[in-house]
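Input: a single structure, listed below in structure tokens.
The values are calculated or read from the model by the stated rules, or taken from the named source; none is laboratory data. Predicted model, so just to flag it, every value in this text is computed and none were measured. A quick note on method: Cβ atoms are made from the backbone with ideal geometry, for glycine too, and the neighbour counts reach across all protein chains shown.
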Amino acid sequence: MDTGLTEKTGNKIKRVDEKELSTPADFTDPEVLYGKLIEAIKAYHPSTDLTMIEKAYHLADEAHKGQLRKSGEPYIIHPICVAIILAELELDKETIIAGILHDVVEDTAYTLEEITEMFGSEVALLVDGVTKLTQLNYSKDKVELQAENLRKMFLAMAKDIRVILIKLADRLHNLRTLQYQKPEKQIEKARETMDIYAPLASRLGISKIKVELDDLSLRYLEPEVCEELEEKIALRKEERTRFINGIIEEVGEQIRSVGIEAEISGRIKHFFSIYKKMVNQNKTLDQIYDLFAVRIIVNSVKDCYAALGVIHEMYKPIPGRFKDYIAMPKANMYQSLHTTLIGPNGTPFEIQIRTFDMHRTAEYGIAAHWKYKETQGGAKSSDTEEEKLAWLRQILEWQQDMSDSKEFLSSIKDDLDLFSDRIYCFTPTGDVKNLPAGSCPVDFAYAIHSAVGNKMVGARVNGKLVPIEYELQNGDRIEIITSQNAKGPSRDWLAIVKSTQAKNKINQWFKTELKDDNIVRGKELLQAYCKAKGVQFSDLSKPEFLDVCMRKYGFRDWDSVLAAIGHGALKEGQIINRLQEEYNKKVKKEVTDETLLENIGSNKTAKPMTTRAKAGIIVQGLDDVAVHLSKCCSPVPGDEIIGFVTRGRGVSVHRTDCINIINASEEDRHRMITAEWSMPEGEKASESYYAELIMYANNRNGVLLDISRIFTENKIDIMSLNSRTSKQGTATITIGFNVKGKEQLQYLIAKLSAVESILDVTRTTG
């Protein structure tokens, strides 16, 4: 298969090998790895002075001596592998040195000052930036800490984007060796990568790293899916290879016949790319259109469109599957023409057409800016990367707007969402705005400027007035109508906007403009909630409780908490529950569970109480207390039961075989008290009781009909029904209904067990 690409030199096409990032084998000798690093650097910058790189290697080797990775291999292997990845991205010398030294300050006795003295301030800044980032940790249940450290990451990126390039290389090598970690650590790291680092690589346009991070994360998060994809794709590998090669040959012949010089390559798409399409479009592997991708690389933009014309003449394009990212690049500056076509045998495939420069940007993204370029005196030429970092600047603006770290984290995750599609819309002057799919005119208004959004009173789309919830389409021309008399955004807008930018700006307006009103509203909501729940707020509003609550949600004063409740950032229930937790901790010391249970014990002579509820239950030792049947096991008359003294909800009655009772802690066992049905033996219950059954059945047409017929014949109303079927064809049916007692329930179980295809019938046990 042809896998090359080309670079224009004069009027001729020079072939350049397209290489994937290399993956050295585990336990490779560090000296061998260092040799690979030097080889990688010399491949793209033969004349560079390697003295400082060698110095960094020897220092790191000495500093990490005696340290081992989880795999048992010497620790120095990790920083060298990170440096190799950076070298294969063709980054500058300072970045590679920082990659070699990135763990030295954190894990050894060397200080940042010593690094500055030996390698200069530029390298020290990069090492410092990465050192700070290593504090990121998903395993701790401290979202605030994670959010704060994420902020630090973006600040470090603002000083020098190379910080994140080193971090991405670091994360990539850690993922390659993730098999040596514990399973829970594997999932944690893979999830963190999928949430933050892979989307970051995507936003910075570095597809070489992005696709590998995605595929590696998927292996640990969805191992069964990966295994299935590998098997299915491997099944017809030869056939697919012949298909792609045939396309390459046909296309190459036609394109060259019209005088276009091009290099053509073909591949099967990456696992994660296929998986994402399957999830998004709810399709099987066989239904995915563009499983195959053919890439055509030409000399100029003109040749791109000319090649497209030739392709569309050769094969039938699928309507609605053409995308022009050359005229309207993605946010990460990705440019290419994408078209999906029907092949000779009816198999759909995708063709991507781009120039060499576009291809380099697609592969290396922002990293291409630091590529060594031979100029006089060996200096690096200075290209501007401003336009490529527009997204980063936006992130930093949000950071300034937001006082709440968790809100910032949520915004970042939403904006980095891999599964979000984009649309392109135009201003009346022809400027393009890139928005998430499903956006409305309000999103567009805030994309122009926050002042436009705040003063918006209406919108015209393609010259026609539309409601503000109108869903924008690709190519729409939008005019925002504003008024100086506008009172500002509506809270209802938060429910219809799709872009993180719009949500943040609306929330910001409410926070700043209406803070006093929000504080009053927050107080009212808290009081109303307490009244509804029968809680005395005066008991909870002690300074020590309030302080804990403020720290939990990252606020400096109580008014800010009230304002957050007022504008909807926090729920009043969250705050009251947190305050109650702190209150209960204090009260527990004064009124312990032992006191309560002693009271129960000392009151054994008291008259047993029969509840007025339909339960008809006697609970030993308690009077004037609420008794309710537990929903987890749904006891009915005739079942052996036991009471459980709850906190604030009276006595909960469970079956003795309930999982929650069997697995109760030693502390909870002290809360259990004797309970029994109050009706005499043999007497039928006058009331009905909720029960739930779980049935396992071979999936067949009509099984639900047979089940419902039994209930109909016995005049029993079905209250709830849920069914799901496994890949193996086994159906799990959960059904809820009312019965008079255990005798009727056992009769039903016997009838249901006799139904064809039913494998087992059991009661829910919690």
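Structural remarks
- Answer residue from segment 29-47, given it is surrounded by fewer than 18 Cβ atoms within 10 Å (Cβ to Cβ) and of a type in the set (Ser, Thr, Tyr) and is nearest to residue 85 (Cα to Cα) among those: 44
- When segment 633-664 is limited to residues that are on the phi > 0 side of the Ramachandran plot and surrounded by fewer than 21 Cβ atoms within 10 Å (Cβ to Cβ), the one that is farthest from the chain's Cα centre (by Cα) turns out to be 638.
- Meets criteria (within 29 Å of residue 645 (Cα to Cα), in contact with a strand residue (DSSP E or B) (Cβ under 8 Å, 6 or more places away or on another chain) and assigned by TED's automatic domain parsing to the domain that holds residue 645) for residue 673: yes
- Restricting segment 491-530 to residues that are touching a Phe, Trp or Tyr at 6+ places or on another chain (Cβ under 7 Å), under 13 Å from residue 443 (Cβ atoms) and hydrophobic (A, V, I, L, M, F, W, C), the residue that is surrounded by the most Cβ atoms within 10 Å (Cβ to Cβ): 502
- Candidate set: segment 440-468, residues that are in a loop (DSSP other than H, G, I, E, B) and modelled with pLDDT of 90 or more; chosen: the one surrounded by the fewest Cβ atoms within 10 Å (Cβ to Cβ): 467
- Residue 487 passes every criterion in (1) among the basic types (Lys, Arg); (2) assigned to a loop (DSSP other than H, G, I, E, B); (3) in contact (Cβ under 8 Å) with a residue 24 or more places away in the chain apart from (3).
- Of all residues in segment 475-485 being of a type outside the set (D, E, K, R) and surrounded by 13 or more Cβ atoms within 10 Å (Cβ to Cβ), the one that is nearest to residue 512 (Cα to Cα): 482
- Residue in segment 535-548 that is among the hydroxyl-bearing types (Ser, Thr, Tyr), part of a helix (DSSP H, G or I) and surrounded by 16 or more Cβ atoms within 10 Å (Cβ to Cβ) present: no
- Single residue of segment 253-275 satisfying the filter (touching a residue at least 60 places away in the same chain (Cβ under 8 Å) and in a helix (DSSP H, G or I)) that is surrounded by the fewest Cβ atoms within 10 Å (Cβ to Cβ): 254
- Breaking point among (1) over 18 Å from residue 444 (Cβ atoms); (2) exposed (fewer than 15 other Cβ atoms within 10 Å of the Cβ), for residue 488: (1)
- Test: residue in segment 599-607 that is in contact with a Lys or Arg (Cβ under 6 Å, 6 or more places away or on another chain) and either modelled with pLDDT of 65 or more or not in a helix (DSSP H, G or I) (or both): no
- Those residues of segment 670-689 which are of a type outside the set (Asp, Glu) and modelled with pLDDT of 75 or more, in sequence order: 670, 671, 672, 673, 674, 675, 677, 688, 689
- Yes/no for residue 692 being under 20 Å from residue 743 (Cα atoms), acidic (Asp, Glu), modelled with pLDDT of 85 or more and surrounded by 14 or more Cβ atoms within 10 Å (Cβ to Cβ): yes
- Looking at segment 647-766, the helices (runs of 4 or more DSSP H) lying wholly inside it that each contain 3 or more residues that are more than 22 Å from residue 626 (Cα to Cα) sit at 703-713, 742-753.
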